[in-house]
1. Rounded to whole Å, give me the distance from the Cα center of the range 148-182 to that of the range 48-106.
2. Taking 0.36 nm per intervening residue step and subtracting the Cα-Cα distance, what contour gain separates residue 134 from residue 148 on full extension?
3. Can you return the lysines within cross-link range of residue 136? Criterion is Cα-Cα under 30 Å, with same-chain partners fewer than 8 residues away left out.
4. Largest first and to the nearest Å, give the Cα extent of the range 18-68 along each principal axis.
Amino acid sequence: MRPLAVLLVMTLLLSGEVAAQDFPSRSVRLIVPYQPGGAVDLIARTMGPPLSHGLGQGVVVDNRPGGNTVIGAEIVFRAPADGHTLLLMAQSYTVNSIVRSKLPYDTFKDFTGITRLASNPLVLSVHPSVPARTLKELVTLARLRPGDLTFATASLLGGQRLAMELFKAAAKIDVVAVPYGGGAPAAVRGQVEMQERLPPRIEDGGAGGQCATAQLRVRAGRPARPASSRCPC
């Protein structure tokens, strides 16, 4: 699946005078527009202490989920543009500008990117109750039960959802998206049959210890080529 990229962005500095001021002059607020416990939140809390050490000021992680990340992004947009309020964002930030006719900010003019912090592959996992142990078996099952199988996503329109829609189109299957407010709620056992997630160690009882993985290579004018394997659980 396509990598999940995580970006650190900030509101544009309004003037050279603001940028020239001593920075940071107080603690830095790091807005995470997802619920605690998910991948982006984990990155924020991992980078917080070294970032605080480097800046010489405290870094406060502030989870503000909702609105497919628009709520958190708007908080950063309305904060003073002095670099003390940062936004940690995944693909939802860009996707919103494409699928929403109106946003309270301009995605490309009101923010500036600082750096890409992470890029990870996604693993397609299935609950152990699903009678499929390879990607081929999963596709066959989904074709026999169109619209019956469900998959969890960390947000309504994020990287996981887009990757799964790509997979659905390539495999010609119909499975139903169940969006959650973050990666941690989406990982609740027994709620859905499938989930695309970052590939941590998969333990029995979590993702079930059994999953199908797929990497889709999509090129213009060429069909997707799925390659499958069993997870070394």
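A short reminder: the numbers here are calculations on the coordinates, not readings from a lab. The structure displayed is predicted, hence computed values, not measured ones.
1. 24 Å
2. Working: separation 14, 0.36 × 14 = 5.04 nm, distance 1.86 nm.
Using 0.36 nm per residue and subtracting the Cα-Cα distance, I get 3.2 nm.
3. Output for residue 136: 168, 172.
4. 34, 23, 12
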